[in-house]
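Participant: Below you will find the structure I want to go over with you.
The values are calculated or read from the model by the stated rules, or taken from the named source; none is laboratory data. Note that the coordinates shown come from a computational prediction; the quantities given were computed from them, not determined experimentally. Here the Cβ is made from the backbone with ideal geometry for all residues, glycine too, and neighbour counts use every protein chain on show. Quick note on the areas: whole protein, heavy atoms, side chains included, nothing else; ligands and nucleic acids left out. Shrake-Rupley method; radii C 1.70, N 1.55, O 1.52, S 1.80 Å.
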Amino acid sequence: PSLSSLTHQFLEMADTLVMVDRAAHASNGWRDQFFLTLSHIIRVRKIAAATNETSAEAIVARAESLLKDGNLSAALSELKSLEGQAATTLSPWMEDAEAVRVADDTAERLFAYVTHKMVQESGVVPAL
């Protein structure tokens, strides 16, 4: 998949990631259960978070922002800190995203190598 496709997939599952984390951390008290049930009807979550926040909601918000900026590597680093059901839910997406990151990195290294060889052999810097 492309970065655009991965970003779209992530945005579709961001609410679910936050909800499964909330469910995992909710107590059996009526108040937590009420707000958990309400969160299935009305979806509210952060779209920006400070770097020192460690909740799943904050991690998802930072990763979303990084993906929208096209920074897949940083988003993957951020999302690796997810734990529990949120991490399990995200696992297939993470595998796809890591494969795209590796392919992109390999393509960049290959381009740099070929460019270097062209300059070495011809002395001409290719126009990009």
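Participant: Pick out the one residue from 91, 73, 65 that is closer than 20 Å to residue 23 by Cβ, open to solvent by 40 Å² or more (accessible area, probe 1.4 Å) and among the hydroxyl-bearing types (Ser, Thr, Tyr).
Facilitator: 91
Participant: I'd like to verify a number: residues in region 100-122 that are aliphatic (A, V, I, L, M) and under 14 Å from residue 75 (Cβ atoms), how many?
Facilitator: Going through region 100-122 one residue at a time, the tally reaches 1.
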